Amino acid sequence: MRATLRDHPGELEKLRRIDNPDLHRFVSWAVDLLSPERVFVATDSEEDVEYIRKRALESGEEKPLATPGHTVHFDGYYDQARDKERTAILVDEGEDLGPYIRTKERREAVEEIVELMRGASRGKELYICFFVLGPPRSVFTIPALQITDSSYVAHSDFILYRRGYEEFVRQGPRARFMKFLHSAGELDERKTSRNIDKRRIYIDLKEECVYSVNTQYGGNTIGLKKLAFRLTIKRAVDEGWLSEHMALFRVGKMDGVYLTGAYPSMCGKTSTAMNPFESVVGDDLSFIRNVDGVARAVNVEKGVFGIIQGVNQDDDPLIWEVLHDPVEIIFSNVLISGGRPYWSGMGTEIPDEGENHSGKWWRGKKDEAGVEIPPSHKNARFTVDLIHFRNLDRQGLESREGVEVGGFVFGGRDKDTWPPVRESLSWEHGVITMGASLESETTAATLGKEGVRQFNPMAILDFLSVPLGEYLRNYLRFGRELKRPPKIFAVNYFLKDSEGRWLNQKLDKVVWLRWMAARVKDLVDAVKTPIGYLPLHKDLREIFMEFLGKKYSREDYCVQFTIRVPELLQKIERIERIYSSLPNIPGELFRELEEERGRLEEARERWGDYISPFNFC
Ligand code: SPV
Ligand code: MN
């Protein structure tokens, strides 16, 4: 049986409250295309959201766990991460977005995906949901329509995003909204997408519409997360603001300093935003706008879709606490045993059997390829509303004007080149030598060789939807047009000595954050070096003692903040080589790199290859 909206007078009534012909046309077209058995329109009411939670359990896409509010969802064994190969940005014939962006010709791709989606919701219920990106009724607000036949996806959206039905009603025909159309396709007996070889994620920038089919993993399906991110990067570049893969947090009390931070995955973004001394506004995506000459930021989201591997009581006490509270949480792709979730690196014993993303699981179980299956997938996640975190900066999250950004932080995984923290010489110097030069070493968590540096400017490479040159040009211009651009900092939590031992401990980042905040407030001096301003030993020593009760010796400082000229020059060469091969890169980029090379060579003549920071004092 198939339904049209006319079979659902109650749902049609809810839709009719929104006076937007484009919306009505799109919804009718989508319902027609997907042929669901039932249609549900979700308003902002608690009753409607509760209905979706209930449906997630009834449909079997989620199962209840022992703790009230907790559920588990499994994605298919081969559907555990963002599928870069089958994700494409749709372009007009002959349009070229450069080597980092997978594209497909629009007309052909839309035809293909529409065919894959035809009748894909047969026998299922289709959820029509309204959200906003950013806080409602603000200059940041972007309305977004999510249509999905997965109750798990709709449920996740309601945890992660602000409700937007009333905003659609309010904006009526003026709403310039983004559209996300998803079908998990045919499901198997475990309620996971069966035809993942026919998985497709197509992103149409022109129509601001994303199609996703035959997949369930959140990064491929939760429209407002990384699918919308491609669209908002494009909008931001067109309109002169920034849509970034950045956490947003406050260092210090209410009068503290807000920082945004971009880190490639596994480089400490969440543990920075969630560190026990500071307050979190967002952990993944920020919008940043020029408001009367000041950079102001909001969290695009209101929840966390966080990696659970390695979350333990000692290192992440705040997350640990929330994961054990009886609040609404979806665990995905963890091990379930006796109704409780378990994951690798949780610091407690993991049972020898249970259920995980491979089905029934026992220790030693191997997959078809003969690879041993770990208890939880390394990309297993938890989905939870930020409201449950003790360290939430609620005012910052709810602020419609956004919070004033004091500094941007860029951090990669780097064993031997960057010092633990430094401040750029200028906006341009920071954008180019820190953001646009970001690299990260591969870890054991990804396939392939460990320790290989991967270029990942602004930690955004996977999501880029405009040519890199255009993206950087917008970035450079954004800061120039501000009365006082945010300071730019680079951090490196992963420096090692020649024997491969870490030079810093996990919580040292708290000290670097406090130093950055002090710089923003102009409370401390710094030493000027060829690669930027470094902290003075005496200031770090004080902060180490105050926050961590640790003595910070001159020797430690000297080793960690040594200017490593050969490695720094090699890095400049690598980055220059990459950008030289790309079209339309702003001239400032090459100029900044060249100037930094000049400063490093000059310093080397005077002091040699490895220069103690005390030389510059
Ligand atoms: C990331 O990989 O950066 C994430 C998770 O935040 S995903 O939604 O898959 O992008
Ligand atoms: Mn992310």
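The values are calculated or read from the model by the stated rules, or taken from the named source; none is laboratory data. As the structure is a computational prediction, the values presented were derived from the model and not from experiment. With ideal geometry, Cβ positions are generated from the backbone for all residues, glycine too; neighbour counts draw on all protein chains shown. Note: accessible area is taken over every heavy atom of the protein model, side chains too, but ligands, DNA and RNA are not part of it. Shrake-Rupley method; radii C 1.70, N 1.55, O 1.52, S 1.80 Å.
Data table
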item	result
Dipole-positive endmost among F616, W361, L242 within the chain (Cβ charges, Cα centre)	F616
Per-residue ³J(HN,Hα) for the stretch 123-139, Karplus 6.51 cos²θ - 1.76 cosθ + 1.60, θ = phi - 60°, Hz, x for Gly and Pro	x, 10, 9, 10, 9, 10, 10, 10, 9, 10, 8, x, x, x, 6, 9, 5
Rel. contact order, % - alpha carbon contacts under 8 angstrom, at least six apart, the chain	13 percent
Rounded if a/c under 1.5, otherwise prolate or oblate - the stretch 440-518, Cα gyration tensor axes	oblate
Radius 15 Å from Cβ of L536, net charge of other residues (Lys, Arg +1; Asp, Glu -1)	+1
Candidate residues R501, R190, R170, R53: accessible-area rank, largest first, probe 1.4 Å	R501, R170, R190, R53
Electrostatic dipole magnitude of the stretch 253-353 [Cβ: Lys, Arg +1; Asp, Glu -1; Cα centre; debye, to 20]	480 debye
Rg [Å, one decimal], Dmax [Å, integer] - the stretch 305-387, C-alpha atoms	12.9, 42
Three-way shape label, the stretch 70-183, alpha-carbon gyration tensor, a/c 1.5	oblate
Dipole magnitude (debye, nearest 20) for the stretch 305-387, charges at Cβ of Lys, Arg, Asp, Glu	340 debye
Largest to smallest accessible area among C267, C558 [probe 1.4 Å]	C558, C267
Whether the stretch 1-115 is rounded, prolate or oblate, judged on the alpha carbon gyration tensor where a/c under 1.5 counts as rounded	oblate
Cross-link pairs K54/K365; K124/K226; K14/K84; K528/K551 - those with Cα-Cα distance over 27 Å	K54/K365; K14/K84
Helix-only CD estimate at 222 nm, as mean residue ellipticity for the chain, using -39500 (n - 2.57) per DSSP H run (n ≥ 4)	-8500 deg cm²/dmol
Accessible-area value, E542, 1.4 Å probe, nucleic acids and ligands omitted, Å²	130 Å²
Among G306, W343, P326 the positive-end extreme of the charge dipole of the stretch 305-387 (Cβ point charges)	W343
Charge context of K365, other residues only, Cβ under 10 angstrom, K/R +1, D/E -1	0
Solvent-accessible area, 1.4 Å probe, carbon plus sulfur percent, for the chain	47 percent
Largest-first ordering by accessible area, 1.4 Å probe, given options W607, W502, W418	W502, W607, W418
Signed unit charges on C-beta, dipole axis of the stretch 59-191, positive-most listed residue G76, L97, G172	G172
Distance in nm between pseudo-label sites at E321 and R484 (7 Å out along the Cβ direction from Cα)	3.3 nm
Calculated FRET efficiency for the pair R170/R597, C-beta based, R₀ 60 Å, to 0.05	0.65
When the convex hull of its Cα atoms is projected in every direction, mean area for the chain (nm²)	27.0 nm²
Point-charge dipole on Cβ atoms (K/R +1, D/E -1) for the chain, about Cα centre, debye to 20	540 debye
1.4 Å probe accessible area per residue over the chain, in Å²	40 Å²
For the stretch 11-36 versus the stretch 347-401, the gap between their alpha-carbon centres in whole angstrom	35 Å
